[in-house]
1. Output the number of the condition that ASP49 fails; it satisfies all remaining conditions of (1) closer than 17 Å to ALA104 by Cα; (2) not in a helix (DSSP H, G or I).
2. Listed residues ALA203, ALA161; which is buried (at least 18 other Cβ atoms within 10 Å of the Cβ), within 16 Å of the ligand (Cβ to nearest atom) and among the hydrophobic types (A, V, I, L, M, F, W, C)?
3. Among the residues of region 15-46, write down those that are buried (at least 16 other Cβ atoms within 10 Å of the Cβ) and over 24 Å from ALA72 (Cβ atoms).
4. Can you confirm whether region 294-303 contains a residue that is at pLDDT 95 or above and assigned to a helix (DSSP H, G or I)?
5. Keeping to region 57-100, report how many residues are touching a His at 6+ places or on another chain (Cβ under 9 Å) and of a type in the set (Ser, Thr, Tyr).
6. Part of a loop (DSSP other than H, G, I, E, B) and either near the ligand (Cβ under 8 Å from one of its atoms) or of a type in the set (Ser, Thr, Tyr) (or both), is that true of THR239?
7. Which is surrounded by 17 or more Cβ atoms within 10 Å (Cβ to Cβ) and either touching a Lys or Arg at 6+ places or on another chain (Cβ under 8 Å) or over 17 Å from ASP209 (Cβ atoms) (or both), of ASN310, ASN321, ASN330, ASN315?
Amino acid sequence: MKINDKSNYQIYTPSNTRYNNLKYNRCGKSGVLLPSISLGLWHNFGKYDMLANAEAILRTAFDNGITHFDLANNYGPPYGSAEINFGILYQQNFKAYRDELFIATKAGYDMWTGPYGNYGSRKHLMASINQSLQRMNLDYVDLFYHHRPDPETPLEETAVALRDIVLQGKALYIGLSNYKAPQIEEMTMLLKEMKVPFIIDQARYSMLDRSIENDILPCLIKQNIGCIAFSPLAQGMLTDKYINGVPSNSRAAKNKTYLDSKTVQEKLPIIRELHNIAQKRGQKLHEMAISWLLFQKGITSVLIGASSPNQLIENLKASENTIFSIEELNSINKLTK
Ligand code: NDP
């Protein structure tokens, strides 16, 4: 019997050429290789987003060699919904390719109400990893992060909980995010003593926010810990989309996001100058912003977001030109350092 379904929905078969173009970098001194560009699911994968678009972005990513998907318990909105959607799409598209994927999630920001819903207690971390695995329909994640430091829980408690999550087989590797350099040093010591595979730090890094260059990046290089740079486009500001105003479908124009048009306006003069430098290099601003990060010492992977498959493809072009002349670097430094 023929059915009259006009969707033209195709069962997914990944591209045979998926490993032909992207570079894979060793994460610190670990055995893990991560793609130089990875995909984050903070935005565009929640309950208010279109599942078909989310599926197309994930398929495009994997087809182009992006093996690393980054989630967190509270990605959505609402919190948890990005993991739920990822779980659905994983079952329908990627289950057969589980061993080709490196999936991360995190816990530490506010997730549920009451005294155990955030930060770094053993109680929070154990509950949260169980919830995440259930939402994503996975037996284990490849990487589990403590999402932010906890000013009150002793680091030892957090470190032991992270160790136990690995020992229970719920995560293969451990990462930290948003920690300051001295806290990273201390955690490195604690985790090393217990032989916990702590391999990566996730930190905000872009041409508009270079603060990790002061101490975090040198500390990670010294400790042989990988670094994955989040918000490399400063949430979309390092593109040409805001140069002539705030488009209605952009992150800065939407509710339920963490970028407002006032911030965009403040940064516009620098954005315009950077746009000119990119043009002279024969690149778009978003390409240059990612290329520049790929050029930095100590960066294992650049963790991008995308609201469409096309943006993702555009961003992957960054890896075609990652060499900067001294003059180009000086002009960028003058504007951003
Ligand atoms: P980016 O800085 O890459 O911003 C992504 C956004 O920029 C897109 O959603 C899109 O927004 C816009 N954009 C992307 N490519 C283009 C393009 N080629 N042309 C025009 N606009 C473009 O990263 P995110 O801020 O999304 O962060 C990436 C990931 O980092 C997150 O998903 C998450 O995994 C991680 N992260 C971790 C944090 C932590 O505390 N550890 C905190 C924040 C992020 P638009 O909707 O306007 O199209």
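The values are calculated or read from the model by the stated rules, or taken from the named source; none is laboratory data. In this text, all values refer to a predicted model and were calculated from it rather than measured experimentally. Using ideal geometry, Cβ is built from the backbone for each residue, glycine included, and neighbour counts are taken over all protein chains shown.
1. (1)
2. On the way: ALA161 fails: within 16 Å of the ligand (Cβ to nearest atom).
Of ALA203, ALA161, the one residue that is buried (at least 18 other Cβ atoms within 10 Å of the Cβ), within 16 Å of the ligand (Cβ to nearest atom) and among the hydrophobic types (A, V, I, L, M, F, W, C) is ALA203.
3. Answer for region 15-46, where residues must be buried (at least 16 other Cβ atoms within 10 Å of the Cβ) and over 24 Å from ALA72 (Cβ atoms): just ARG18.
4. Quick first cut of region 294-303, residues at pLDDT 95 or above only: 294-303.
If we keep only those that are assigned to a helix (DSSP H, G or I) too, we end up with 294-295.
Yes, region 294-303 contains a residue that is at pLDDT 95 or above and assigned to a helix (DSSP H, G or I).
5. 1
6. On the way: part of a loop (DSSP other than H, G, I, E, B): yes; either near the ligand (Cβ under 8 Å from one of its atoms) or of a type in the set (Ser, Thr, Tyr) (or both): yes.
The answer is yes for THR239.
7. Details: ASN310 fails: surrounded by 17 or more Cβ atoms within 10 Å (Cβ to Cβ); ASN321 fails: surrounded by 17 or more Cβ atoms within 10 Å (Cβ to Cβ); ASN330 fails: surrounded by 17 or more Cβ atoms within 10 Å (Cβ to Cβ).
After ruling out the rest, the residue left standing is ASN315.
Every residue, every condition in (1) away from the ligand (no atom under 15 Å from the Cβ); (2) in contact with a strand residue (DSSP E or B) (Cβ under 8 Å, 6 or more places away or on another chain); (3) within 16 Å of GLY28 (Cβ to Cβ), yes or no:
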| position | (1), (2), (3) |
| --- | --- |
| ARG148 | no, yes, no |
| GLU157 | yes, no, no |
| ILE165 | yes, yes, no |
| GLY175 | no, yes, yes |
| ILE184 | no, yes, yes |
